[in-house]
Amino acid sequence: MSSAKPTSGTNVGEAVPDFELLDSNGQPWRLSEHRGKVVALVFYPKDETPVCTKQMCSMRDNWADYEASGAQVVAVSVGTVEQHRKFAAHYNLPQTLLADENGEVSKLLNVKSLFGGSQRAVLVIDQQGVIRYRKSVMPIFRPSDDEVLTAIRQAQN
């Protein structure tokens with residue numbers, strides 16, 4: 001395991017590298033197809049765990065605010081397409097869940113957890129594909145919806 005950190009595309013002010021993942025319906029989702037919109041990538045460690053479920057359900061409960069922001073807001077975790085489909089159905093989640101099954105995007109964006117999977121993190125990317133907000137938190141905590149929505153609004157200006 002290398003301790004070297006990626007040198008570009010992962011820090012605030014840098015252009016984020018393009019990637020493609022499958023959503024919970026098995027459809028491809030490519031970052032570059034959302035250029036021109038602010039994109040919020042909300043990384044969470046695992047489906048059906050207490051803190052992750054609270055985080056995703058809080059996003060659901062505030063979904064009208066996320067939609068009103070005009071941003072493309074997606075949640076990313078290392079589960080499979082099928083696990084994400086079941087998780088979304090179980091909690092009636094409106095947000096797109098992306099399956100980073102092998103942790104490649106978590107590694108690419110430097111949010112890979114030492115325990116496998118991803119950290120609990122948020123990256124907000126502006127219309128030109130530049131990271132404007134980045135925050136990782138301890139797995140037992142979660143970023144508030146107000147914090148994410150504020151970061152989205154700031155990236156739009």
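In table form, for the structure just shown:
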quantity	calculated
Filtered residues of the range 74-104 (kept if in contact with a Pro (Cβ under 9 Å, 6 or more places away or on another chain) and either over 17 Å from Lys54 (Cβ atoms) or not hydroxyl-bearing (Ser, Thr, Tyr) (or both))	Val78, Ala88
Residue match in the range 108-123 (condition: surrounded by fewer than 21 Cβ atoms within 10 Å (Cβ to Cβ) and modelled with pLDDT of 90 or more)	yes
Residue identified as part of a helix (DSSP H, G or I) and under 15 Å from Gln119 (Cα atoms) among Val42, Val105	Val105
Those residues of the range 62-101 which are without any contact (Cβ under 8 Å) to a residue 24 or more places away in the chain and of a type outside the set (A, V, I, L, M), in sequence order	Glu67, Thr80, Glu82, Glu101
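The values are calculated or read from the model by the stated rules, or taken from the named source; none is laboratory data. Computed from a predicted model, the values in this text were never measured in an experiment. Every residue, glycine as well, gets a Cβ built from its backbone with ideal geometry; the counts of neighbours run over all protein chains shown.
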